[in-house]
Amino acid sequence: MDHINPDYVLIGTLALAGALLVFSGLQAVVSAIRSRNWPRTAGTVTVSKVVKVIRRQDSPPNWAPEIHYQYVVNNITTTGTLVRFGMEGLSGGQKFASGYTDRYPVGKVVPVFYDPNRVERSVLETGMSLTS
């Protein structure tokens, strides 16, 4: 019986992981583009705070905005947390994070753009963010 070369297993695993990342990224880009045509409704910001993000113990912390909002579609109240596609896991300095919390304070009435096919998918800003 032939043995499988461990290098081939590693290469295959890395190729599969890379393909999954590319596919996931493409889905986010497509959703971001489609969000520009999503219907909108009024929502209210319910949580707006800056949170500390520690990626490694030996590096200084980063900061990220945590924004939650509620909106109603078809008489169903739904909660969202995504400001814009591409912001998932995005962090930076305190100025970066507080820019969003200043823009979206608790209690503010905001337009919420939602996917008409899955109303639980929503954003406060259409399009995609690769930076702040």
Subset of region 76-106, residues open to solvent by 50 Å² or more (accessible area, probe 1.4 Å) and in a loop (DSSP other than H, G, I, E, B), comes to THR81, GLU88, GLY89, PRO105, VAL106
Take region 74-132 and flag every residue that is touching a His at 6+ places or on another chain (Cβ under 9 Å) and among the polar types (S, T, N, Q).
THR79, THR81
Consider PRO39 against the criteria (1) more than 15 Å from the chain's Cα centre (by Cα); (2) open to solvent by 80 Å² or more (accessible area, probe 1.4 Å): it satisfies all of them except one. Which criterion is unmet?
(2)
I'd like to know if region 114-124 contains one or more residues that are surrounded by 18 or more Cβ atoms within 10 Å (Cβ to Cβ) and in a loop (DSSP other than H, G, I, E, B).
yes
Mind counting the residues in region 62-75 that are more than 21 Å from THR126 (Cβ to Cβ) and loosely packed, with under 14 Cβ neighbours inside 10 Å?
1
Scanning region 100-132 residue by residue, the ones that are farther than 15 Å from ARG40 by Cβ, of a type in the set (Gly, Ala, Ser) and at pLDDT below 95 total 2
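The values are calculated or read from the model by the stated rules, or taken from the named source; none is laboratory data. Since this is a predicted model, take the numbers as computed values, not measurements. Counting neighbours? That spans all protein chains shown, and the Cβs are built from the backbone with ideal geometry, glycine included. Just so you know, the surface numbers come from the protein's heavy atoms only, side chains and all, with ligands and any DNA or RNA stripped out. Shrake-Rupley method; radii C 1.70, N 1.55, O 1.52, S 1.80 Å.
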